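Below: one structure, written as structure tokens.
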Amino acid sequence: MTAPDRDDGGNDAARRFCEAAGLMMGTAIDIRDLIKTAKRHNIDVFLYWEEGLAREEHLERDLERYADIPEENRPFIHIDAFTRFFSETYAAFPMSPDELFASIPLMITLISCGTRSAGRKQVPYVTGLMPFLDEMDVDS
């Protein structure tokens, strides 16, 4: 699957690309499935903590605005950095990230899909909203 050529603020090509990858905006997806799909299709995933900011759909502006702030202190985080942080936080438990996310399930609500500039090329991305702690189902 080839990434869309450009992004004009949530264009149809980006949406179709994400849907073809199985990522439907507005739905919730298990973080493990999101990680696998993103790797398979070379999609950057950014997880937002704040719903209002996530729904503004200005990823490149957010990346610029928060460029001088350490990633772990931003209101959003790249999924790879989140996985590292999560694994380091639970380092006392000898589990892979997949096993860890199975024991503490996270459902990510998909918010937007587009492409962003990365040097001379366009990279597909998805933004998702992290659940609040009280919305997490840790009893399953």
(request) Name every residue in region 44-57 that is under 11 Å from residue 127 (Cβ atoms) and either of a type in the set (A, V, I, L, M, F, W, C) or surrounded by 14 or more Cβ atoms within 10 Å (Cβ to Cβ) (or both), in order of residue number. (result) 44, 45, 46, 47, 48, 53, 54, 56, 57
(request) Out of 32, 116, report the one residue that is out of contact with any Pro (no Cβ under 6 Å at 6 or more places or on another chain), outside any loop (DSSP other than H, G, I, E, B) and under 19 Å from residue 15 (Cα atoms). (result) 116
(message) With the requirement that a residue be in contact (Cβ under 8 Å) with a residue 24 or more places away in the chain and of a type in the set (Val, Ile, Thr), what does region 8-50 give you?
(response) 27, 29, 31, 35, 43, 45
(request) Name every residue in region 60-88 that is assigned to a helix (DSSP H, G or I), touching a Leu at 6+ places or on another chain (Cβ under 8 Å) and among the β-branched types (Val, Ile, Thr), in order of residue number. (result) 79
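No value in this document is a laboratory result; all are computed from the given coordinates. Just so we're clear, the structure is a prediction, and the values are computed from it rather than from any experiment. Note that each Cβ is placed from the backbone with ideal geometry, even for glycine, and that neighbours are counted across all protein chains shown.
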